[in-house]
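Below: the structure, in structure tokens.
The values are calculated or read from the model by the stated rules, or taken from the named source; none is laboratory data. These numbers come from a predicted model, not from an experiment. Cβ coordinates were reconstructed from backbone atoms using ideal geometry, including for glycine residues, and neighbour counts include every protein chain displayed. Side chains included, ligands, DNA and RNA excluded: accessible areas come from the protein's heavy atoms. Shrake-Rupley method; radii C 1.70, N 1.55, O 1.52, S 1.80 Å.
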Protein chains: 2
Amino acid sequence: MKRDSRLSSVLHALLHMAEHEGPMTSDALGRCLGANPVVVRRTMGLLREAGLVSAERGHSGGWRISADLRIVSLRHLHEALGEPAIFAIGNRNEVPECLVEQAVNAALDKAFLEAEALLMERFADVTLADLAADFTRRHAERRATKD
Amino acid sequence: MKRDSRLSSVLHALLHMAEHEGPMTSDALGRCLGANPVVVRRTMGLLREAGLVSAERGHSGGWRISADLRIVSLRHLHEALGEPAIFAIGNRNEVPECLVEQAVNAALDKAFLEAEALLMERFADVTLADLAADFTRRHAERRATKD
DNA sequence: TTTCATGTAACTACATATGTTACGATTCGG
DNA sequence: CCGAATCGTAACATATGTAGTTACATGAAA
Ligand code: FES
Ligand code: FES
């Protein structure tokens with residue numbers, strides 16, 4: 001099954017934008033991510049609808065972050081992307097007649113809901129500012145290693 | 001993304017087998033689950049390789065449970081199925097050069113690993129015997145409601 | 001007015017799960 | 001022993017969802 005990598009993509013894009021002066025074009029972001037510029041527009045468009053970024057058309061246009069990096073969490077981004085399905089595993093039949101299958105579904109659903117709740121908690125805990133700081137730390141580490 | 005429903009399927013099948021005298025054929029299980037008998041064989045074959053069920057060919061053959069219901073947990077079944085990918089969301093690039101992407105991946109991986117660990121813990125806690133008991137409870141409840 | 005950029009629709013390419021067909025191998029009942 | 005029942009497995013078909021691509025309209029700046 002092909003995994004949805006949009007959360008990873010927009011995070012990468014947003015952090016590059018945060019480090020960058022002025023707007024970045026879909027083309028530049030696409031080259032950065034190794035993705036198609038139309039796909040970038042498609043995905044960033046969802047963030048725009050959520051008010052997290054803004055786009056300007058025409059000469060020297062592109063994408064800009066329009067939210068506070070300290071506020072925007074992974075959870076906000078996940079929601080902006082439409083809360084895509086998290087799990088690649090699911091029940092065969094969501095509304096079974098059979099009591100056996102109902103018992104199975106109840107057990108699986110319980111476990112998956114708990115895992116999802118934990119994941120959302122962790123997502124809410126991590127902001128773009130946190131990731132930017134982590135990047136800065138890694139950058140300093142690399143320079144220290146090289147010297 | 002199309003979700004993998006094999007865990008749900010084998011649980012349903014195993015519980016029906018547990019309630020059933022003698023072996024059950026792939027055909028019978030397929031009718032029960034609403035699945036193709038070849039798919040049943042394909043999936044149950046993985047459980048056979050893990051020693052959880054046995055198959056007999058020929059007249060009055062079929063599938064039998066060959067393990068203790070109190071021992072076999074959801075986790076055992078997940079492992080028997082080859083530990084398929086749990087998440088439908090992933091990193092765009094698993095081995096990135098870019099430090100920004102490394103920081104992003106690290107944060108996402110941490111959250112997903114924690115969620116996966118919790119899920120595996122819950123899976124390990126639920127045995128086939130537990131599910132069979134839950135089925136019995138639901139069965140009694142339905143009869144009580146009908147009376 | 002030309003060029004650069006987003007916005008969007010429509011189609012293609014690809015991956016993966018499941019379904020289907022076909023046939024061989026094995027076991028049992030008569 | 002023969003034939004029906006059943007698993008084992010390969011090969012192919014179908015369905016679904018993500019990402020890529022092409023095409024063109026819209027808008028803004030030089
Ligand atoms: S891809 Fe992150 S550096 Fe351009
Ligand atoms: S499908 Fe569970 S009762 Fe047959």
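Against the definition (modelled with pLDDT of 95 or more, outside any loop (DSSP other than H, G, I, E, B) and within 16 Å of DNA strand D (Cβ to nearest atom)), how does A:Arg75 come out, yes or no?
no
For residues that are of a type in the set (S, T, N, Q) and either away from DNA strand C (no atom under 16 Å from the Cβ) or modelled with pLDDT under 95 (or both), scanning just region A:96-128, find the one that is nearest to B:Leu128 (Cα to Cα).
Filtering region A:96-128 for residues that are of a type in the set (S, T, N, Q) and either away from DNA strand C (no atom under 16 Å from the Cβ) or modelled with pLDDT under 95 (or both), the one nearest to B:Leu128 (Cα to Cα) comes out as A:Gln102.
Take the residues of region A:99-114 that are of a type in the set (Asp, Glu) and either within 15 Å of ligand 2 (Cβ to nearest atom) or more than 7 Å from chain B (Cβ to nearest Cβ) (or both): which is least open to solvent (accessible area, probe 1.4 Å)?
That would be A:Glu101.
Pick out the one residue from A:Ala115, A:Ala103, A:Ala80, A:Ala55 that is more than 27 Å from B:Gln102 (Cα to Cα) and in contact with a helix residue (DSSP H, G or I) (Cβ under 9 Å, 6 or more places away or on another chain).
A:Ala103
State whether one or more residues within region A:52-69 are more than 9 Å from chain B (Cβ to nearest Cβ) and part of a helix (DSSP H, G or I).
no
With (1) within 16 Å of ligand 2 (Cβ to nearest atom); (2) more than 7 Å from chain B (Cβ to nearest Cβ) as the list, and A:Ala124 as the residue in question, which single condition is left unmet?
(1)
For residues in region A:78-95 being modelled with pLDDT of 95 or more and among the aliphatic types (A, V, I, L, M), which is surrounded by the fewest Cβ atoms within 10 Å (Cβ to Cβ)?
A:Ala85
For residues that are touching a residue at least 24 places away in the same chain (Cβ under 8 Å) and surrounded by fewer than 15 Cβ atoms within 10 Å (Cβ to Cβ), scanning just region B:115-140, find the one that is farthest from DNA strand D (Cβ to nearest atom).
Filtering first and then ranking leaves B:Asp125.
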